[in-house]
1. Which of the residues that make up the range 230-246 are in contact with a Phe, Trp or Tyr (Cβ under 7 Å, 6 or more places away or on another chain) and in a loop (DSSP other than H, G, I, E, B)?
2. If N433 passes every condition in (1) modelled with pLDDT of 95 or more; (2) surrounded by fewer than 21 Cβ atoms within 10 Å (Cβ to Cβ); (3) in contact with a helix residue (DSSP H, G or I) (Cβ under 7 Å, 6 or more places away or on another chain) but one, which one does it miss?
3. Any residue that is closer than 24 Å to R357 by Cα, part of a loop (DSSP other than H, G, I, E, B) and of a type outside the set (A, V, I, L, M, F, W, C) - is there at least one of those in the range 101-119?
4. Out of the residues in the range 22-56 meeting the condition of being in contact with a strand residue (DSSP E or B) (Cβ under 7 Å, 6 or more places away or on another chain) and either outside any loop (DSSP other than H, G, I, E, B) or among the acidic types (D, E) (or both), tell me which one is surrounded by the most Cβ atoms within 10 Å (Cβ to Cβ).
5. Give the residue that is nearest to the chain's Cα centre (by Cα), with candidates limited to residues of the range 417-430 that are crowded, with 22+ Cβ neighbours inside 10 Å and farther than 22 Å from D120 by Cβ.
6. Among the residues of the range 306-318, is there at least one that is touching a Phe, Trp or Tyr at 6+ places or on another chain (Cβ under 6 Å) and in contact (Cβ under 8 Å) with a residue 24 or more places away in the chain?
7. Any residue in the range 210-233 that's assigned by TED's automatic domain parsing to the domain that holds N197 and free of Cβ contacts under 8 Å to residues at least 60 places away in the same chain: show its pairings with residues that are surrounded by fewer than 24 Cβ atoms within 10 Å (Cβ to Cβ) and aliphatic (A, V, I, L, M) at Cβ separation under 6 Å, as long as the two are six or more apart or on different chains.
8. So S81 passes all but one of these: (1) over 21 Å from P571 (Cβ atoms); (2) among the hydroxyl-bearing types (S, T, Y); (3) buried (at least 19 other Cβ atoms within 10 Å of the Cβ). Which condition number does it fail?
Amino acid sequence: MFEKRENEPEYAVLRNIEGQSENYYGTPIETVQTDNPLRNESLNINQDGAIGDNPNRYKQHGFYFNADNCIACHACEAACSEKNDNPAHIAFRSVGFVEGGTYPAYQRLNISMACNHCDDPVCLKGCPTRAYTKFAEYGAVLQDPDICFGCGYCTWVCPYNAPQLDPEKGQVTKCNMCVDRLEVGLKPACTSACLGNALDFGVIEDIPENRSQAKLNIPGFPRTDITHPNIRFQQSRTTQREMTRVDQTAIKYHRVDEPATAYEESPFVPELDAKQGFQRQWNLKKLLTSHENAHIAFTLSAQLVMGAFLWFFAGTFIPALESLSSSSSYLTGLVILVALMTTGLYKLNMHLGKPHRFYRGFYNLRYSPVSREIAGVSLFFAGLVLFTFSAFFEHPFFNALQLIAGFVGLCGLTGGGYFMYKLYRIEARPFWNHINTATSFISTALVLGSTFVILLNTVTGDLSQQINTLLLSAICVGLLLEMTGLWLHRQNLRAANSEGAASFYEQTTTYGYSYLLRNSLLVVALIIAVSLLLTANQSLWAYVVLAAASLTAAILGRALFYVVVIPTTMPGGFFWRNQGFVEHARETGLAEMPQMGVVYEKHHAFNISELVDTIQSTSLSDKIAQFKRIFSG
C-alpha cells in the first residue's frame, strides 16, 4: 500500500463531496451497489491485502483538465514517469498543443492527456489476451503487462494514445490511475505535481472548486462517442475558428456551430491540413519496409490460400470442377498452399512482442475480434492440413476424411475471413472503417486465389476451357470489386471530416506515384484477364504477366492500407509525439540518444546472446533462473 506522508499538502488530497448519481452519458457513477458483498475486496497492490479507506472507492473517477491554466511545463509527465519508472520513450501522460491565428492574435492551447478510464473501454474488448480489466474500484481500467503478448491491437482501437507499446520490452503498458494513491485518499501523481492547477481528479461530474465548466470536448480531443471517456474540460477563452497541430499529422480542427453528438456543444471537428503541399512522391522503400510488413504478408498469403482452397475443395464434390482435383498439379498446389499459410502464420506470430505467448490469443473469444480471427484462421489451417494429408491416399476412408476436413476448413475460412475484416472496422481509424476493407480482402482472395490455380494448371495443361473461363471470370469480378471499393473509398474520404481525409492526402501525395502504380496495375490486370477470357488464349506467358500485375498491385495496395492510416490521435509537439520526428530520429541516428524519447523497433521475445550465456553457465540453479527470466519476457 502506498505510504501517505503526515504532512501531505492539501492540493494532493482527494476531496469528499456529495455528487451526481449519473454521468453525462447516463451511466451510474456508483460502480457497485451498496449491498454487494464484493464491495470490500482488496486490490492486492504489491501483494498487500489491505483495503483502502477511501469513502468513494466504488464510484467512477476521472480527470479534469483546465486548458486555461496549463502552461505546458510537463511536470505531470515527469511525475507520472517517475512514479511508474518509465523509460524516456514511454509516457503514460503526455502534453501536446494546438495553435491558431497569427501574430499578434496568435493563440496556443495545451492539452495534457493520459488514459481516460472510459465507460466503454474498447481496449478491454479488443485485447485478445484479456490483459485489461475495468475495476469497480474507482472505475479504473487497468492493464497487466505480464499477460500481454505485444500484438498492439489496443493501441489501434484506443482513440487517445493511452496504451503504450514498448518496442524494447515487446509489451503494452498504460496509466493505472495511481490506484495505490487513491486507496489512501491521494490524487494521482500527475495531478499532485501540476504547477498551474490545470489538472485535477475526483469522482466524475463533481466539478472542482473555482471551475465553471465541465465540457466533453476541446480542440484536439478526439470523438467521445467511441468510448465515453471519463475526462472533463474547462476552456473558457475564445479560440480561433481553426486550430492546427504542430506535428506532422495533416490535420487541423474546425469549430462547427451545431452539436456533433448529444453530449457535445460547438465541438471542433478534424479537417485536412495540407501541410506538405500536393506534390506526388514514390517513397517505395518507406512503403515496403514498414513495421506492419508481417500483417501484409499474413493477410495476403491467408487470403490467397483461402481463395485457392475454395476451388480445390469444390473440385472434390462438384462434377463440373472435378478436373481441378484430378489434375497432376493438384497435390503440388495443396502442398504449396500449406507452405504459404504456414509462412504467413509464422510471420504474424513473430511480429508479436512476445511470440512465445501466442497461445494467449485465444483468451478473449467473447469480445475480441482478434481472438475470433485467430480461432477461425487456426481452424481453417487445421482443415487445410488435414485436407492435404488425406489427398495423398486413394481410399474410401481418406476420401470421406478429406470431405470432412474440407467442410472444417470452410467453416474456419468463413469465420476467420469475416473477423479478419471485422477487426479492422475500427472507429478510431477512419481510413480502415469503410466497406473498402471488405471489398479489398474479398478481391484479394478471388484474384490471387484464382490466379494461383489457373497459373499452376496452365503449366501442366490440365485445365479444360470451361474451368479456365470460370477462373478468369472470378479474376475479373475480383478486380472490378477492388476498383469499385477503391472508388467508393475515395469519394467518402475526400468529403470526410475525419482523419480519413488526411490518410487519403498521404496516399495521394507522400505515396502518390506508388498509389498511381497500384491503380494502373489493377487496370492492366483487368485488361489482360478480359482479353484472355474473350480470346480463349491459354498462353503461359500471358498468365505469368497477369499474376505479376495482380500480385504487385495487391502488395502495393496492402502496404498503403497499413502505412497511410492515421488514427484519431491526440496532438503532439514539434519533437515529442511527432511521427515525423520519430522517423527522422531513426534515420539520422538521433534515436541513439535516450533523451530523444525515440527507440528503434526491436524484438525481445528472448535475447540470443543471453541464451548462449545461459547455456555456457556452470550452475544449474543459475541456468534455471536465467531461463525463467529470458522466457518470461
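1. Matches in the range 230-246: V246 only.
2. (3)
3. Among the residues of the range 101-119, not one is closer than 24 Å to R357 by Cα, part of a loop (DSSP other than H, G, I, E, B) and of a type outside the set (A, V, I, L, M, F, W, C), which makes the answer no.
4. So the first thing to find is which residues in the range 22-56 are in contact with a strand residue (DSSP E or B) (Cβ under 7 Å, 6 or more places away or on another chain), and the list is 22, 28-31, 56.
Checking which are either outside any loop (DSSP other than H, G, I, E, B) or among the acidic types (D, E) (or both) leaves us with 22, 28, 30.
Details: E22: 13, P28: 14, E30: 16.
For the range 22-56, the residue satisfying everything is E30.
5. M420
6. Looking for residues that are touching a Phe, Trp or Tyr at 6+ places or on another chain (Cβ under 6 Å) and in contact (Cβ under 8 Å) with a residue 24 or more places away in the chain, one finds at least one in the range 306-318, hence yes.
7. T224/L216
8. (1)
The values are calculated or read from the model by the stated rules, or taken from the named source; none is laboratory data. The structure presented is a predicted model; accordingly, all values stated were derived computationally and were not measured. Counting neighbours? That spans all protein chains shown, and the Cβs are built from the backbone with ideal geometry, glycine included.
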